1. Within segment 32-57, track down each residue that is assigned to a strand (DSSP E or B) and in contact with a Phe, Trp or Tyr (Cβ under 8 Å, 6 or more places away or on another chain).
2. Evaluate the following for Pro91: is it closer than 18 Å to Phe38 by Cα, in contact with a Gly (Cβ under 8 Å, 6 or more places away or on another chain) and crowded, with 16+ Cβ neighbours inside 10 Å?
3. Checking Gly11 against (1) exposed (fewer than 12 other Cβ atoms within 10 Å of the Cβ); (2) touching a Phe, Trp or Tyr at 6+ places or on another chain (Cβ under 8 Å): exactly one of these is not met. Which one?
4. For segment 20-31, indicate whether the set of residues that are basic (Lys, Arg) and part of a strand (DSSP E or B) is non-empty.
5. Determine whether Phe84 is in contact (Cβ under 8 Å) with a residue 60 or more places away in the chain, assigned to a strand (DSSP E or B) and aromatic (Phe, Trp, Tyr).
6. Go through segment 57-80 and give me each residue that's surrounded by fewer than 18 Cβ atoms within 10 Å (Cβ to Cβ) and either small (Gly, Ala, Ser) or under 25 Å from Thr135 (Cα atoms) (or both).
7. Given the condition over 21 Å from His31 (Cβ atoms), modelled with pLDDT of 95 or more and assigned to a loop (DSSP other than H, G, I, E, B), answer yes or no: does some residue in segment 106-122 qualify?
8. Being crowded, with 18+ Cβ neighbours inside 10 Å and touching a Cys at 6+ places or on another chain (Cβ under 7 Å): is that true of Ile22 here?
Amino acid sequence: MSVSPDEYREGLSHFASGITVIAVASGSEKHGMTATSFASVSLIPPLISVALEKDSQTLQILRETHAFTVNLLARDQEDVARTFAIKGPKPFERIPHSAGKNGAPLLEGCLAWFECSVQSITDGGGHEIVVAETTRIELGAGEPLVYYRRAYRSLKG
């Protein structure tokens with residue numbers, strides 16, 4: 001017997017996680033979404049995973065291009081996290097960014113940027129689980145933005 005969706009959400013809210021924006025581009029079309037499901041899978045080869053909603057435009061473009069970026073958000077980027085967490089009008093017109101070598105957007109001011117190439121996509125209930133090879137990393141500076149108990153927070157160190 002499974003737990004209820006409310007119980008599941010409450011349990012997961014006790015797990016602190018970093019905040020990322022998964023970003024894709026196809027020609028002039030760009031999409032992105034906030035995700036906390038980013039995880040390291042393997043060191044050799046350098047694989048990551050992320051779970052994306054099945055009906056998201058981000059996933060549709062990712063399936064087409066097989067390329068995306070994972071933008072690790074810094075403590076002062078809560079507004080960026082909120083912008084990409086909702087389906088709204090063209091966030092890339094408001095959020096400064098550049099194109100990565102793989103063509104996908106790199107958001108300015110992040111802690112790190114992972115450029116990725118899709119290796120596999122697997123059904124994961126209401127999401128698709130994407131496993132990808134990291135082809136390039138850039139590092140920024142600062143402290144991370146984290147999500148814990150249904151709120152954005154920063155680490156105290």
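The values are calculated or read from the model by the stated rules, or taken from the named source; none is laboratory data. Predicted model only: the values in this text are computed from it and were never measured. Virtual Cβ from ideal backbone geometry, glycine too; neighbours counted across all protein chains shown.
1. The initial filter retains those residues of segment 32-57 that are assigned to a strand (DSSP E or B), namely 32-35, 39-42, 47-53.
If the condition is that a residue be assigned to a strand (DSSP E or B) and in contact with a Phe, Trp or Tyr (Cβ under 8 Å, 6 or more places away or on another chain), then Gly32, Met33, Thr34, Ile48, Ser49, Val50 are the ones that fit.
2. Values: closer than 18 Å to Phe38 by Cα: no; in contact with a Gly (Cβ under 8 Å, 6 or more places away or on another chain): yes; crowded, with 16+ Cβ neighbours inside 10 Å: yes.
It is false that Pro91 is closer than 18 Å to Phe38 by Cα, in contact with a Gly (Cβ under 8 Å, 6 or more places away or on another chain) and crowded, with 16+ Cβ neighbours inside 10 Å.
3. Condition not satisfied by Gly11: (2).
4. Looking only at segment 20-31, we keep the residues that are basic (Lys, Arg), and these are 30.
Now drop any that are not part of a strand (DSSP E or B), which leaves 30.
For segment 20-31, residues basic (Lys, Arg) and part of a strand (DSSP E or B): present.
5. Values: in contact (Cβ under 8 Å) with a residue 60 or more places away in the chain: yes; assigned to a strand (DSSP E or B): no; aromatic (Phe, Trp, Tyr): yes.
Taking the combined requirement at face value, the residue does not satisfy it.
6. Pass one, segment 57-80, residues surrounded by fewer than 18 Cβ atoms within 10 Å (Cβ to Cβ): 57, 60, 63-66, 75-76, 78-79.
Listed by number, the residues that qualify are Gln57, Gln60, Arg63, Glu64, Thr65, His66.
7. yes
8. Details: crowded, with 18+ Cβ neighbours inside 10 Å: yes; touching a Cys at 6+ places or on another chain (Cβ under 7 Å): no.
So Ile22 fails the test.
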